[in-house]
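The values are calculated or read from the model by the stated rules, or taken from the named source; none is laboratory data. Here the structure is a predicted model, which is why all the values come from computation and not from measurement. Neighbour counts are summed over all protein chains in view; Cβ atoms, including those assigned to glycine, are modelled from backbone coordinates with ideal geometry. Note: accessible area is taken over every heavy atom of the protein model, side chains too, but ligands, DNA and RNA are not part of it. Shrake-Rupley method; radii C 1.70, N 1.55, O 1.52, S 1.80 Å.
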Amino acid sequence: MVHAADHLSAQELETLSTQAIAAKDTAYCPYSKFRVGACILTESGEFVQGANVENASYPVGTCAERVAFGNAIVAGHRNFKAIAVATDIKPPASPCGMCRQFMSEFTTPEFPIFMYDGEGNYTLTTMGELLPNSFGPSDFTH
């Protein structure tokens, strides 16, 4: 199976990982102390970062993946090549269920997700592997 990750250059992957790992430093996580950084590579070649933003009322917090996609969407991007998500733990953390559904709105099942651990090593998966048989925009008839 050909993954969209096969279409990333070594430089794109290096920048994606570096920026996702660096984005952890911008996380606002005074309650959990669980830093998460994310970086999206757009089809136009731009890198858009996000980090988790917690709130004293826990459910109100926002995950790094949704922050990154929100930043990209409001900047006018609609097409994406990959996302990297970085945490301080080993093995790396996978996007939560809410983020999986959110990301599926803007991606394809082949969309690559690079998950980085605290040592900079990654695991690669796809949107379809994380959220099989997903519900999305194509399920609506207009």
With Cβ to Cβ distances under 11 Å as the rule, what net charge do the other residues near F69 carry (K, R +1; D, E -1)?
-> 0
With viscosity set to 0.692 mPa s and temperature to 37 °C, compute the Stokes-Einstein D of the stretch 5-64, Rh being the Kirkwood radius across alpha carbon pairs; µm²/s, no decimals.
-> 267
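Which whole-number value in Å² is the accessible area per residue of the stretch 1-86, probe 1.4 Å? Walk me through the numbers before you get to the answer.
Values: 4330 Å² over 86 residues.
For the stretch 1-86, the solvent-accessible area averages 50 Å² per residue.
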To the nearest 10 square angstrom, how much accessible area does D6 have with a 1.4 angstrom probe?
-> 100
For E110, other-chain or 5+-apart residues with amide H closer than 5 Å (H placed, Pro excluded) are G128
Under 13 Å from the Cβ of E46, count the other residues' Cβ atoms, weight Lys and Arg +1, Asp and Glu -1, and hand me the total.
-> 0
Karplus ³J(HN,Hα) for the stretch 45-61 (6.51 cos²θ - 1.76 cosθ + 1.60, θ = phi - 60°; Hz, whole; x = Gly/Pro) runs x, 8, 10, 10, 9, x, 8, 5, 10, 8, 9, 4, 8, 2, x, 7, x
Hey, any idea what % of the chain's accessible area is carbon plus sulfur with a 1.4 Å probe?
-> 55
Classify the stretch 10-136 as rounded, prolate or oblate, taking a ≥ b ≥ c as the square roots of the eigenvalues of its Cα gyration tensor: rounded when a/c is under 1.5, otherwise prolate if a/b is larger than b/c and oblate if not.
-> rounded
Within straight-line cross-link reach of K90, lysines at Cα separation under 23 Å, skipping those fewer than 8 residues along the same chain = K24, K33
Could you pull the accessible area for E105 with a 1.4 Å probe, rounded to 10 Å²?
-> 90
Expected max-MSF residue from Q49, Q11, Q19 in the GNM of the chain (alpha carbon, under 10 Å) is Q11
Order these peptides, 65-78, 124-137, 29-42, by their mean beta-carbon neighbour count within 10 angstrom, highest first.
-> 29-42, 65-78, 124-137
